[in-house]
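Contents: one structure, followed by commentary.
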Amino acid sequence: MPLDSVCISGLQKELSGRILGGRIDKVQQPERDMILLSLRAERENLKLLLAAGTGNARIHVTGASFENPPEPPMFCMLLRKHLVGARILEIRQPDWERMLILELDTRNELGVSARKQLVVEMIGRSANIILVGEDGRIIDCLRRTDFAGDALRRMQPGMIYRLPPKQEKALFFATSSEERREMLAGVDRDTPIDKWLMDRFSGLSPLICREMAARCGGDWDLLPLQLDALADTVAAGELSPTLLSRNGKPADYSFLPLRQYGPEAENESFASFSALLDAFYTRRDKQEQQRRRAHDLARSVKTARDRMARKLQNQYEEYKRTDTRDQVLRKAELVTANLYRIRRGDRELRCQDYYEPDCPEITIPLDGLKTPQQNAAAMFKEYRKLKGAREHLSVLIGENEQQLDYLNSVLRLLEQAESEKDLSDLRRELIQTGILRPGKSAKADRSKPQAPLRFISDEGFEILVGRSNVQNDELTTKLALRSDLWLHVQKIHGSHVILRCDGEQPGEQSILQAAAIAAYYSQAREGGKVPVDYTQIRYVKKPSGSLPGKVIYTNYRSVVVQADEALVQRLRK
């Protein structure tokens, strides 16, 4: 979500108490929409991050590290010229706008003091970072706007900087309790509360409007009390930086705990807005980076999978054409038996087919440019070619079917990858199997592969799950003991699961829990009940030369279970 005016007011107070009087030592621009100021304030080295990208506009102290481009952009070089050595005198938020203005004491080329402003606008798509001179004119800005927009808000060097135009709606924090009750007096109560709040007041984000509607339970009579409580909380500065997570992923943040999502979301409190924003965007960027990496890997694997599928289809068609080899052989033998009846230049041979019980007369096409003997030799040659192609295609089709099955299993693992390390392990496996080529400029991945996923059954037995096909092989052929139980979902892709027995006989409960885990880490995760086979490791073999993750097994039993996410989370260690 974009920063709302209340969060920005909390940031203004927080930064004022931390960086006022600080001196700017360094200016960097690690990304197109991001500026990083290195400060020395209160005997502390700090990094102030200013971002003006769509959906991530913000300003806060950060502890994250960023990689700078080889050459600084022009805007970065201009900021270095004007800001290095400047001191921060004041930080203000005009009229509850979604912006902060840093008042700076700088020095010009002659060493004369000059007041300048660094304006950080965090207003949706028009977010911007603007350097304003002592005369109120724009020195330069991160994102220049042309002459097609509002004439008063053109962002070009040399133009006078003007604040964003005020909204026609009433500012919520400038209204009294009585004024708000007067507005509510004639309201149409069929209107959704959050929509009415958005239409009548500025200074409230859609998230807070929904939160007010949720806190009063849709009851208009309770709304005035909730609005009074909100106004009092903000006026007293009793803000609580809160991160909202859903399914373990950062979803939103606010200046108060959010109740509108109920038990489906978790609220995490932070000591400061800087810590909140740093955590939110660091986690979100990490997840976005993981999503992109997973998408790129999946795209490469899908390309290889689709290419293999087309290759197999062509081989199936060629294999089907070899079904005519016996007919070609029969014709060759009939031509050989009737050589005395063929004259040079004949285009066909009419003869009795003595392979059939009633010896019907058939017509065999011939090449008029060849002798009878050459026609027969050509037919025998075609037969040998078809026979050899069939034998060769049988081997190729078997190998390619295994390759296609392997690629589908990798796609399943990519869908279930939980971390960057999971993706690194899968990428390493794809390079080892020749599916991917290592990048020429990429550094060698020297990180150690992860350990298998570990669970403990309610009866105390250890359960191990492979994260990749290579790890499935290692788990099954090296780590497991011959008496341990091996589990796998029947006839579909899934991870190898090992139930450690330690010389004991596991109970039915442990086997069912291990089977449910095997179903969860398979293509049947979102499905219903599926059969899971289990047998001792001694009966599991890996065929020679087979691809990673491929095994055969005998002497197995089966149980029917369903993937259980709650059980997986409870037993995971």
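Numbers at a glance
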{"quantity": "Percentage of interatomic Cα-Cα distances in the chain larger than 43 Å", "calculated": "51 percent"}
{"quantity": "For segment 1-65 versus segment 152-203, the gap between their alpha-carbon centres in whole angstrom", "calculated": "27 Å"}
{"quantity": "The chain: calculated mean residue ellipticity at 222 nm from DSSP helix runs of at least 4, using -39500 (n - 2.57)", "calculated": "-12000 deg cm²/dmol"}
{"quantity": "Segment 1-93: C-alpha gyration tensor shape, a/c 1.5 cut-off, then a/b vs b/c", "calculated": "oblate"}
{"quantity": "Residues of type lysines that LYS169 reaches as a straight line, Cα spacing below 17 Å, ignoring anything fewer than 8 places off in the same chain", "calculated": "LYS195"}
{"quantity": "Alpha carbon convex hull of segment 170-281, projected area averaged over orientations, nm²", "calculated": "7.3 nm²"}
{"quantity": "Peptide ranges 105-112, 69-76, 117-124, 211-218 listed from the most packed, as the mean C-beta count within 10 angstrom indicates", "calculated": "117-124, 211-218, 69-76, 105-112"}
{"quantity": "Lys pairs, segment 453-571 - Cα-Cα below 15 angstrom, 8 or more residues apart or on other chains", "calculated": "7"}
{"quantity": "Candidates per trypsin sites (Lys or Arg not before Pro) in segment 381-470, loop by DSSP, up to 11 other Cβ within 10 Å", "calculated": "LYS440, LYS443, ARG446"}
{"quantity": "Dimensionless Rg over Rh [segment 5-153; C-alpha; Kirkwood]", "calculated": "0.94"}
{"quantity": "Cα gyration tensor shape for segment 309-450, rounded if a/c is under 1.5, else prolate or oblate", "calculated": "prolate"}
{"quantity": "Nitroxide proxy distance, nm - points 7 Å out along Cα→Cβ at LYS421 and ASP228", "calculated": "5.4 nm"}
{"quantity": "Cleavage-rule hits (GluC sites (Glu not before Pro)) in segment 503-535: DSSP loop, at most 15 neighbouring Cβ within 10 angstrom", "calculated": "GLU504, GLU526"}
{"quantity": "Net charge dipole size for the chain [Lys, Arg +1 and Asp, Glu -1 on Cβ; Debye, nearest 20]", "calculated": "2660 debye"}
{"quantity": "Stokes-Einstein translational diffusion, segment 246-380 - Kirkwood Rh over all Cα pairs, 1.567 mPa s, 4 °C, in µm²/s", "calculated": "58 µm²/s"}
{"quantity": "Column: log10 I(q)/I(0), Debye, Cα scatterers of segment 82-128, q = 0.19 Å⁻¹", "calculated": "-0.64"}
{"quantity": "Spacing of the two label points (7 Å from each Cα toward its C-beta) at CYS359 and ASN108, in nm", "calculated": "11.9 nm"}
{"quantity": "Listed peptides 345-351, 50-56, 35-41 by packing density, highest first (mean Cβ within 10 Å)", "calculated": "35-41, 50-56, 345-351"}
{"quantity": "Within straight-line cross-link reach of LYS286, lysines at Cα separation under 16 Å, skipping those fewer than 8 residues along the same chain", "calculated": "LYS249, LYS421"}
{"quantity": "Environment charge at SER483 (Cβ cut-off 14 Å; Lys +1, Arg +1, Asp -1, Glu -1)", "calculated": "-1"}
{"quantity": "C-alpha center-to-center spacing [segment 478-555, segment 375-390] in angstrom", "calculated": "48 Å"}
{"quantity": "Relative contact order of segment 170-281, pairs being alpha-carbon contacts under 8 Å that are 6 or more residues apart, as %", "calculated": "20 percent"}
{"quantity": "Charged-residue dipole, Cβ positions (Lys, Arg, Asp, Glu), segment 121-250 about Cα centre, Debye nearest 20", "calculated": "640 debye"}
{"quantity": "Selection from GLY549, VAL559, THR535 lying farthest towards where the dipole of the chain points positive, charges on Cβ", "calculated": "GLY549"}
{"quantity": "Relative intensity, log₁₀ I(q)/I(0), of segment 329-394 from a Debye sum that treats every alpha carbon as a point, q = 0.13 Å⁻¹", "calculated": "-0.39"}
{"quantity": "Pairs of Cα atoms farther than 21 Å apart, segment 122-198, %", "calculated": "49 percent"}
{"quantity": "Cleavage-rule hits (chymotrypsin sites (Phe, Trp or Tyr not before Pro)) in segment 379-408: DSSP loop, at most 15 neighbouring Cβ within 10 angstrom", "calculated": "none"}
{"quantity": "Those lysines that a straight Cα-Cα span of less than 29 Å connects to LYS385, excepting residues fewer than 8 apart in one chain", "calculated": "LYS311, LYS320, LYS331, LYS370"}
{"quantity": "Leading residue at positive end of dipole, segment 213-355 (Cβ point charges), from ALA251, SER272, ALA235", "calculated": "ALA251"}
{"quantity": "At R0 = 60 Å, FRET efficiency that the Cβ-Cβ distance of ALA309 and GLU90 yields, to 0.05", "calculated": "0.40"}
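Coordinate-derived values only; no laboratory data. All of these numbers come straight from a predicted model, not from anything done at the bench. We place every Cβ from the backbone using ideal geometry, glycine too, and count neighbours over all the protein chains shown.
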